[in-house]
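Presented below is the structure to which this report refers.
Readers should treat all values here as calculations from the given coordinates under stated rules, not as data from a laboratory. From a predicted model like this one, the values you see are computed outputs, not experimental measurements. Glycine gets a Cβ as well: all are built from the backbone with ideal geometry, and neighbour counts include every protein chain shown.
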Ligand code: ADP
Ligand code: ADP
Ligand code: SF4
């Protein structure tokens, strides 16, 4: 038997009342009379989780991935058979049960440092964190025994994790956690921002946090009136205000603009770098420019989402991100992706090859006296191009879209004919109790055609969520369905506001490619607002830069080439980027460093000469 393979059965998908046990009937060992695939009732005296008639697969008897007959036969894609990498010689750190997800390795919290974890969704990052937070005692793969810390300590004795596990066993670790989905906070908390923050301020640092995260304007507002970006900053402040040994931050960037991301990153770095007390900070983050700025060391997580995950030993942040992007882990000698993700180090030539979609004059609009006002300089938008839209939150980007769509009349200037605009808002709500396939087929007749599948379903990896209901989707799944729904509409102009939120790096790249290809092949225009600089870099042909004073006045410059646009945008933010010599990826310069000063002097904020 292939003892280096695991069988994973998704009990939410296994539906024996709707199939004929094709998996068991065709399994070669079963056909020779062995009990490789049996029902859970046949295997267990008491089939604890899952239904009695659902299947159990013997990993001892199974022939491994090269057979894979059951995987093919199952009508509901409920089975995965996977040969584990040979390099994994240990048992898992935790397994959720027989035929369930297995996690190999754990990150090592490091006193006084920020440890990053980089990897796809569903790879076990949260599981690892729950273990380190003492919420879940790792069972070391022994799913039928009661786990205890003594055994965990035996396993990690002599490793870097030993001292930490000793403290966990003695129940000495205090933990503060920021959840991934801040949108759910108002359901659990009634009161104002100040009420919430005062309750968590164990370190007496509230006023400095309010200042550094610019929470002041909303401090007396009720939590349920806050926008996603405001909630994100309040949640971060509430976590950092606690007096803990171990801080776990599950994504700090969604809904924040770049300035806010950099401020959040510096705050977290300072938290670890505190002389009063040894604090370890563990951050899961998919915005690579921010992760780069934030983390002192990095664990890469790889594997097969939903089936198994491996947390590597710590790497330097620079190497970890580079290896992740190139798709090859050096120390592990492991390919995690067939091809590498690459960046253009030099500004692309401005393309004006496309035909004109829209030429607009100077426009002005305001929401009333003393309310927000927006000035737009005349510009041209081409068909088939992707325009990256950058600028802080609350600066008029959505207002501009409303002008183009004709749903808002400008006070100054006028547009000839309104365009058909398909719009994905920044905060995606999906509360209709409807299945994903029903929802998407209600939007387009193209649903299910091979072209639609190739252009939209496959790059956005929607096949496995089609039979789920919208309210049951995770944040990342909901985002991908919302992007699919927007691209499926018939329109001239597609405006997507922060499509990267809650997507992992792989999904960001795939979504980016889907948007680009769609714009090109349908000869339409996509305007994509995003605050992940890597995503904008991979996505945009040109840039539309908004600046001004959020919530007071905004100004949109005409669309520009990438070099000019980035320089304008980053000069406003006072941030410069250098290039990594190995991958060409942009890296934020330390403020006041030699490179930072040189680049500011020469006005090259983004496309600077290579780092040596
Ligand atoms: P990540 O944080 O990397 O997205 P998670 O640690 O949340 O990943 O989950 C990894 C896998 O473990 C998921 O596929 C999930 O289905 C599975 N999983 C999580 N919790 C449980 C549980 N209580 N029982 C069984 N499987 C679980
Ligand atoms: P962005 O898309 O850049 O985040 P918006 O265009 O949504 O910015 O909003 C810009 C400013 O206008 C914000 O301060 C917002 O509160 C305000 N605003 C947006 N819509 C309205 C409206 N209908 N009435 C009054 N103010 C509005
Ligand atoms: Fe049976 Fe394993 Fe083959 Fe599936 S992969 S049919 S369980 S031997």
**Estimated 222 nm signal from helices in the chain, with DSSP H stretches of n ≥ 4 weighted -39500 (n - 2.57), rounded to 500** = -8000 deg cm²/dmol
**Asked** Relative to the longest principal Cα axis of the chain, at what angle does helix 562-573 sit, 0 to 90 degrees, rounded to 10?
**Response** 90
**Three-way shape label, region 43-97, alpha-carbon gyration tensor, a/c 1.5** = oblate
**region 350-561, relative contact order in percent, only Cα pairs under 8 angstrom and at least six apart counted** = 34
**Prompt:** Could you give the distance between the Cα centres of region 551-565 and region 310-378, to the whole Å?
**Reply:** 16
**Listed peptides 19-28, 541-550 by packing density, highest first (mean Cβ within 10 Å)** = 541-550, 19-28
**Asked** Quick one: Kirkwood hydrodynamic radius for the chain, alpha-carbon pairs, angstrom, one decimal?
**Response** 26.2
**Item:** Cα gyration tensor shape of region 350-561, rounded if a/c is under 1.5, else prolate or oblate by comparing a/b with b/c
**Value:** prolate
**Asked** Which of rounded, prolate, oblate describes region 501-583, given a ≥ b ≥ c as roots of the alpha-carbon gyration tensor eigenvalues and a/c under 1.5 marking rounded, otherwise prolate only if a/b is larger than b/c?
**Response** oblate
**Request:** Which order do the peptides 565-578, 266-279 take when ranked by the mean count of other beta-carbon atoms within 10 Å per residue, highest first?
**Result:** 565-578, 266-279
**Item:** Viscosity 1.002 mPa s, 20 °C: Kirkwood-radius Stokes-Einstein D of region 103-335 over Cα pairs, µm²/s
**Value:** 116
**Message:** How far apart, in nanometres, would the label points at residue 371 and residue 571 be if each is projected 7 angstrom from Cα along the Cα-to-Cβ direction?
**Reply:** 3.3
**Fill in**
The alpha-carbon center of region 8-32 and that of region 444-461 are separated, in whole Å, by 29
**Message:** If I fit a long axis through the Cα atoms of helix 475-488 and take the longest principal axis of the Cα atoms of the chain, what angle between them do I get, 0 to 90°, rounded to 10?
**Reply:** 50
**Request:** Can you tell me the relative contact order of region 528-594? Whole percent, Cα pairs under 8 Å, sequence separation 6 or more.
**Result:** 22
**Message:** If I fit a long axis through the Cα atoms of helix 228-240 and take the longest principal axis of the Cα atoms of the chain, what angle between them do I get, 0 to 90°, rounded to 10?
**Reply:** 60
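What area, in nm² and to one decimal, does the C-alpha convex hull of region 72-219 cast on average over all directions?
That works out to 13.3 nm².
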**Request:** Can you grab the distance from the C-alpha centre of region 479-508 to the C-alpha centre of region 179-218, Å, no decimals?
**Result:** 30
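Antiparallel DSSP bridges in the chain: what percent, to the nearest 5?
Of all bridge pairs located within the chain, approximately 50 percent are antiparallel.
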**Fill in**
Expected sort for 170-180, 485-495, 131-141 on mean C-beta neighbours within 10 Å, highest first, is 485-495, 131-141, 170-180
